[in-house]
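A short worksheet on the structure shown next.
The values are calculated or read from the model by the stated rules, or taken from the named source; none is laboratory data. Keep in mind it's a predicted model, so treat the numbers as computed, not measured. As a convention, Cβ positions derive from the backbone with ideal geometry for all residues, glycine included, and neighbour counts pool all protein chains shown.
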Amino acid sequence: MASNKYPHLLSELDLGFTKLKNRVLMGSMHTNLEEERNGYEKLATFYAERAKGGAGIIVTGGFAPNWEGWLKPFAGRMSNRNHVKNHKIVTEAVHREGGKIALQILHAGRYAYHPLSVAPSRIQAPINPFKPRALSTWGVRRTINDFASSAALAREAGYDGIEIMGSEGYLINQFIVSHTNKRNDEYGGSYENRIKFPIEIVQKAREKVGKDFIIIYRLSMLDLLDDGSNWEEVVQLAKEIEKAGATIINTGIGWHEARIPTIATSVPRAAFAWVTQKLKPEISIPLCTSNRINMPNVAEQVLADGCADMISMARPFLADENWVKKAMEDRADEINTCIACNQACLDHTFSNKLSSCLVNPRACHETSLNYLPTSNKKKIAVVGAGPAGLTFASIAAERGHNITLFESDSSIGGQFNMAKKIPGKEEFYETLRYFDKQLKLHKVDVQLNKRVTADDLKDYDEVVISTGISPRRISIEGSNHPKVVSYIDVLKNNANIGKRVAVIGAGGIGFDVSEFLTQHGESTSLNKEEWLKEWGIDKSYKTRGAVEGVKQEIEAPEREVAMFQRSDGKMGAKLGKTTGWIHRTTLKMKKVKMFVGVEYTKIDDEGLHYLDKNNQPQVYPCDNVVVCAGQISLRELEQPLLDLNKTIHIIGGAYEAGELDAKRAIDQAARVAAEV
């Protein structure tokens, strides 16, 4: 029975020649399945599951209209009839599940990661080692025709529509702004000339595909660059794109090279819906908003407030393929929420790895990782209710095993209970809500405040050890000084911390602790207006790119913090590929000092003594020293259980401590649970 909680979100959208069954667009994501062997069969399964799960319309990852537009050599293209056959595998699978799907046509321009890239002008992107060749006027016209031909091929392949990628700093966006367009022909100079390129692409595509085919245009609403488009130009382009024949305008926020986070977990939910609300009265075709909308109540409110006609969500469909179905059935508490961590999706994509999802390792592995009902029901004890233990217990129980989950603490969650306290990581509350619901749904016997011995486990068929880690201590003079605390003391045990703090270790934990200690008052991730001020975004949109000349407004930090790293490389070099810069920038904004290439010598009443990278003795006077210097695995039960001839499985931090890695722990636990 359909839910009445989300009347806007779940209502039909009439496009004239066709209808969408709800207002949810599954946004474009490149998964790298596109380039895998048998990748189209895998893509078909991936998209079909999301169609079955209720998505109103799905947009594929970006496919280039020609080889110059490749994101990388031999990436996906839709440029000749040989490509049509493979794409039919995808469209037919989606249609069998009652879904609609559009092909995204994306020309990378100067973002293309190969030496044959082209752009409006010969200007190299700061995030790319290759300098592009400037397109000739003839080359521009040929590229416009290539977009239109790609649209026609998409229709031939069975797609219900296309999305023309005009945002995020790709080729079309590069033509639109003077920052990257220095041309002196008819496609350069005035704004009217610079927007001829996208307008003609939409016009030519419409001519090729006819009137009864969806054309979505992804428009950059906020460039977040100093010399990006201004508001009047955004409105002018939107109106021209509507006139040219677009069916829907979708939202793009920020160029990839912009130094403002747009989809990371620290970005407040629906942080950019205000800009589509501002555009909505200016156009008459449906408008789609996007970025950090991950739960039905958030999406419903955005639509109810008149911010848009549709919601675009990409990563939430990695986290839960049944997102819409669960909303329809009033089961929002069962949604596996996207926490916007980027660790298994974008970080993988930009490292040429297969994309997946930290909280859902099945994502993009649907043909190889499945949780099938067991034919051999076992009685299994799981010791430790951190990310790995929770994952194993819920999946194994779902498959039909009889699971008892033991946890020595008073609540489930393990390290997630610390992560959720970090400013900008509040989404971990959702992950814990999801796991708690799964344990209840699948009747896992959860025993809290229970520290077990091997003898307690002798009646179980198998035992899973997911007991996690213990912080590694440092072995220098004064390591037992009263001012020395571990990160667990800070984040879990609420230790009383002074106003001046040294943090030893600059991995993910060191950064988290530093953000926690410097946060003044409420996390800006929970306050959209304060977050916009913190990052210097002009909500009045009186400036170019909504950032030009805007002063950041940052609260004075709660404490004076210094981070110390033994290696001489970049501070936090092992942080996420797409999020590390955000953490470094955040701490710089909070005036955190960063010292690299140091050697710790002692801790005393004065503070932390160390040798700097020039081997000179220094002292950092401080009230506390927080040790974030790694972990060791806790697996005390292993040998006693082996002595009892028990079949055991060791997962998560107990298997490998390293840097705390929930992605690895959850993936490992899911795979063990699928096979047990």
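The table for this structure:
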| read-out | value |
| --- | --- |
| Filter pass, E534 being loosely packed, with under 14 Cβ neighbours inside 10 Å and either under 31 Å from the mean Cα position of the chain (by Cα) or touching a residue at least 60 places away in the same chain (Cβ under 8 Å) (or both) | no |
| Flag if N4 is closer than 23 Å to A314 by Cβ and either assigned to a loop (DSSP other than H, G, I, E, B) or aromatic (F, W, Y) (or both) | no |
| Options E232, E207, E192; residue that is in a helix (DSSP H, G or I), touching a residue at least 40 places away in the same chain (Cβ under 8 Å) and surrounded by fewer than 22 Cβ atoms within 10 Å (Cβ to Cβ) | E207 |
| Residues of region 239-281 classified as assigned to a helix (DSSP H, G or I) and of a type in the set (K, R), total | 4 |
| Residue count, region 401-456 (criterion: among the polar types (S, T, N, Q) and either part of a helix (DSSP H, G or I) or within 22 Å of L358 (Cα to Cα) (or both)) | 5 |
| Any hit, region 500-521, residues being touching a residue at least 12 places away in the same chain (Cβ under 8 Å), in contact with a Pro (Cβ under 7 Å, 6 or more places away or on another chain) and part of a loop (DSSP other than H, G, I, E, B) | yes |
| Sole exception among (1) assigned to a loop (DSSP other than H, G, I, E, B); (2) out of contact with any His (no Cβ under 7 Å at 6 or more places or on another chain); (3) of a type outside the set (D, E, K, R); (4) surrounded by fewer than 24 Cβ atoms within 10 Å (Cβ to Cβ) for C364, by number | (4) |
| Of the criteria (1) in contact (Cβ under 8 Å) with a residue 60 or more places away in the chain; (2) in contact with a Ser or Thr (Cβ under 6 Å, 6 or more places away or on another chain), which one E560 fails | (2) |
| Set T543, T585, T578: member being touching a Phe, Trp or Tyr at 6+ places or on another chain (Cβ under 8 Å), outside the structural domain of L222 (by TED's automatic domain parsing) and among the β-branched types (V, I, T) | T578 |
| Evaluation of I488 against (1) more than 19 Å from G597 (Cα to Cα); (2) in a strand (DSSP E or B) (one fails), failing number | (2) |
| Counted residues, region 60-89 - those being touching a residue at least 12 places away in the same chain (Cβ under 8 Å) and either polar (S, T, N, Q) or not assigned by TED's automatic domain parsing to the domain that holds I127 (or both) | 5 |
| Condition check for T579: out of contact with any His (no Cβ under 9 Å at 6 or more places or on another chain) and closer than 30 Å to D661 by Cβ | yes |
| Filter pass, K440 being surrounded by fewer than 22 Cβ atoms within 10 Å (Cβ to Cβ), without any contact (Cβ under 8 Å) to a residue 24 or more places away in the chain, in contact with a helix residue (DSSP H, G or I) (Cβ under 7 Å, 6 or more places away or on another chain) and outside the structural domain of I603 (by TED's automatic domain parsing) | no |
| Leading residue by the ranking (farthest from the chain's Cα centre (by Cα)) among those in region 537-581 that are crowded, with 16+ Cβ neighbours inside 10 Å, polar (S, T, N, Q) and farther than 30 Å from Y600 by Cα | T543 |
| When residues of region 250-278 are limited to those that are of a type in the set (A, V, I, L, M, F, W, C), in contact with a helix residue (DSSP H, G or I) (Cβ under 6 Å, 6 or more places away or on another chain) and on the phi < 0 side of the Ramachandran plot, the one surrounded by the fewest Cβ atoms within 10 Å (Cβ to Cβ) | A264 |
| Among residues of region 489-519, those that are touching a strand residue (DSSP E or B) at 6+ places or on another chain (Cβ under 6 Å), more than 14 Å from L608 (Cβ to Cβ) and surrounded by fewer than 20 Cβ atoms within 10 Å (Cβ to Cβ), counted | 1 |
| Only listed residue being more than 15 Å from K5 (Cβ to Cβ) and buried (at least 20 other Cβ atoms within 10 Å of the Cβ), chosen from N370, N352, N336 | N336 |
| Candidate set: region 38-52, residues that are of a type in the set (K, R) and within 10 Å of G99 (Cβ to Cβ); chosen: the one surrounded by the fewest Cβ atoms within 10 Å (Cβ to Cβ) | K52 |
| Set E41, E49, E92: member being touching a Gly at 6+ places or on another chain (Cβ under 9 Å) and in the same structural domain as L318 (by TED's automatic domain parsing) | E92 |
